[in-house]
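Here's the structure, in structure tokens; my notes come after.
Coordinate-derived values only; no laboratory data. Treat the numbers as computed from the prediction; the structure is a model and nothing was measured. With ideal geometry, Cβ positions are generated from the backbone for all residues, glycine too; neighbour counts draw on all protein chains shown.
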């Protein structure tokens with residue numbers, strides 16, 4: 001074979017390899033997070049919380065985004081109330097879920113003192129840039145505690161989808177350049193409204209505000225249902241659904257997300273509404289039956305333990321089974337109870353088709 005032809009073939013193959021790797025790098029993942037309600041407030045308002053995870057975007061500070069370096073797990077972005085007047089805040093994935101930097105430090109079980117210790121230690125080391133005016137928070141007023149250790153309080157469902165480099169760069173530029181000043185309003189500018197706006201950057205005109213079944217409000221269950229419905233018709237979305245379990249010991253188990261009409265019909269609100277306005281109660285009940293029971297496409301999805309969160313950004317999945325015992329935290333506040341489950345690597349599957 002002539003030398004010039006060999007060189008030509010080599011150049012063509014090199015270009016194809018470079019293009020192939022560039023294509024792989026241009027793809028990343030994001031996940032719409034639907035977080036279950038918990039506690040007294042979750043009983044009064046059982047719609048839950050919404051946030052968005054990005055595998056390509058990381059938090060340079062809690063209010064500034066940057067491109068992730070190789071090996072960094074990404075960040076979770078959401079709208080909050082009571083964070084120094086900021087509208088959105090970004091936190092690294094592991095601190096957001098567990099208030100630690102590494103899966104090896106996640107406790108198998110916690111109590112109240114243990115959660116307070118983990119949160120305060122992480123806050124003192126990494127979150128001072130928020131300023132001294134941002135308090136820890138309580139039942140009435142939110143604070144920095146709601147930004148870390150979320151998995152000690154509730155179960156989370158992650159609806160993962162593919163993104164492009166251009167989409168992520170555009171979102172990062174928009175958020176970094178915009179005036180990050182609080183717009184929080186529980187009824188019409190809540191955490192799910194922020195997520196809805198971000199999702200519309202990736203899927204234009206899909207996540208519109210609807211009057212039924214949520215009385216014009218945006219709820220986490222509403223937008224996840226719309227994402228699942230969209231993905232059925234657009235397989236290029238590559239939607240996968242995973243559950244991130246609640247770490248036991250700190251709180252009672254969280255409960256299912258509900259629509260507005262569903263929460264009014266299935267809580268203590270139903271009887272007073274029926275007494276004072278039976279017509280309104282009847283309308284809400286019909287709305288709940290017809291439109292309010294969003295399909296639970298996520299109930300039987302695979303579970304991601306702390307060591308398996310790389311599945312959210314499609315990296316190599318799990319450590320060897322021999323590494324599992326190391327996942328017991330060095331700072332765990334209570335010893336595992338007899339018979340308590342240990343963290344073991346498990347095989348996962350894409351979870352959408354069979355669970356609709």
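Among 49, 135, rank each residue by its count of other Cβ atoms within 10 Å, from fewest to most, as a rough exposure measure.
Ascending Cβ contact count within 10 Å gives the list 135, 49.
Give, in nm to one decimal, the length gained when the segment between residue 136 and residue 44 is fully stretched (0.36 nm per residue of separation minus the Cα-Cα distance).
Stretched fully, the residue 136-residue 44 segment lengthens by 30.9 nm.
Under the 0.36 nm per residue contour assumption, what length would be gained going from the current alpha-carbon distance of residue 186 and residue 67 to full extension?
39.7 nm
Each label point is 7 Å from the Cα along the Cα-to-Cβ direction; what then is the distance between the points at residue 102 and residue 238, in nm?
3.0
In a Debye calculation with equal point scatterers on the alpha-carbon sites of the range 37-138 and no solvent, what is log10 I(q)/I(0) at q = 0.15, 0.21 Å⁻¹?
-0.72, -1.35
What is the Cα centroid distance between the range 23-80 and the range 147-181, reported in whole angstrom?
Each part's Cα centre sits 4 Å from the other's.
Take the Cβ-Cβ distance between residue 205 and residue 27 as r, set R0 to 30 Å, and report the resulting FRET efficiency rounded to the nearest 0.05.
0.80
Where does each of 230, 152 land when they are ranked from fewest to most other beta-carbon atoms within 10 angstrom?
By the 10 Å Cβ count, ascending: 230, 152.
Taking a virtual spin label 7 Å from the Cα of residue 176 along the C-beta vector, which residues in the range 126-166 bring their backbone nitrogen under 20 Å of it?
Residues 129-130, 163-166 fall inside that zone.
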